[in-house]
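Single-structure report; data block below.
The values are calculated or read from the model by the stated rules, or taken from the named source; none is laboratory data. Computed from a prediction, not measured in an experiment: that's the story for all the values here. Here the Cβ is made from the backbone with ideal geometry for all residues, glycine too, and neighbour counts use every protein chain on show. Surface areas here come from the heavy atoms of the whole protein model, side chains and all, with no ligands, DNA or RNA. Shrake-Rupley method; radii C 1.70, N 1.55, O 1.52, S 1.80 Å.
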Amino acid sequence: MKRYLITAALVLGANSVWAQQAVPQAADDHSAHHPSTAAAAAQATDFPEGEVRKVDKAAGKITLRHGEIKSLDMPPMTMAFAVADAAMLEQVKPGDKVRFRAADQGGKLTITQIETAN
C-alpha cells in the first residue's frame, strides 16, 4: 500500500510540474488560438519577386515566373494569376521585374498587389 501511495504521488507530482511548464507556453502562443493572425502576419511579410511573362487583358490574368510564395506554401514556378483589380493589367508588361502579393480568394489564386521592382 505504501509503495502504491509513493508511486501515485510521484506520478501526480510529475504531472503537475509538466502542467505548470506547459500552461505558460500555451498562454504565450496567441497564434495557436488565432490562426488567422499567424496567416496574416505571414502574408504581410511575403512579398515575392517575379518576372511578368504575359499580360492577358481579355482573361484578366498576369502570368508570372515567381519565387517561393510562403503564404500560399507555393514553390517557385511560372503560372497565371487572376488580378484583384483590372488596373493592375495596365501597370506591368512582359519582361518587367515585379514584387507582388497573392492570395487564395475562393479557390482562385489572385494578385492583390503588384509593383515594379527596380
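Roughly how many Å² of Thr110 are accessible to a 1.4 Å probe, to the nearest 10?
Surface accessible to solvent at Thr110 totals approximately 10 Å².
Mind grabbing the accessible area of Leu109 for me, 1.4 Å probe, Å², rounded to tens?
Surface open to solvent at Leu109 totals about 50 Å².
May I ask for the net charge around Ile62, where only other residues with Cβ less than 15 Å from the Cβ of Ile62 are counted and Lys, Arg are +1 while Asp, Glu are -1?
Working: positive: Arg53, Lys54, Lys57, Lys61, Arg65, Lys93, Lys97, Arg99, Arg101, Lys108; negative: Glu49, Glu51, Asp56, Asp85, Glu90, Asp96, Glu115.
Computed value for this residue: +3.
Can you send over the solvent-accessible area of Glu49, 1.4 Å probe, protein chains only, in Å² to the nearest 10?
120
Under 22 Å from the Cα of Lys97, which lysines turn up, not counting those fewer than eight places away in the same chain?
Qualifying lysines at Cα under 22 Å: Lys54, Lys57, Lys61, Lys70.
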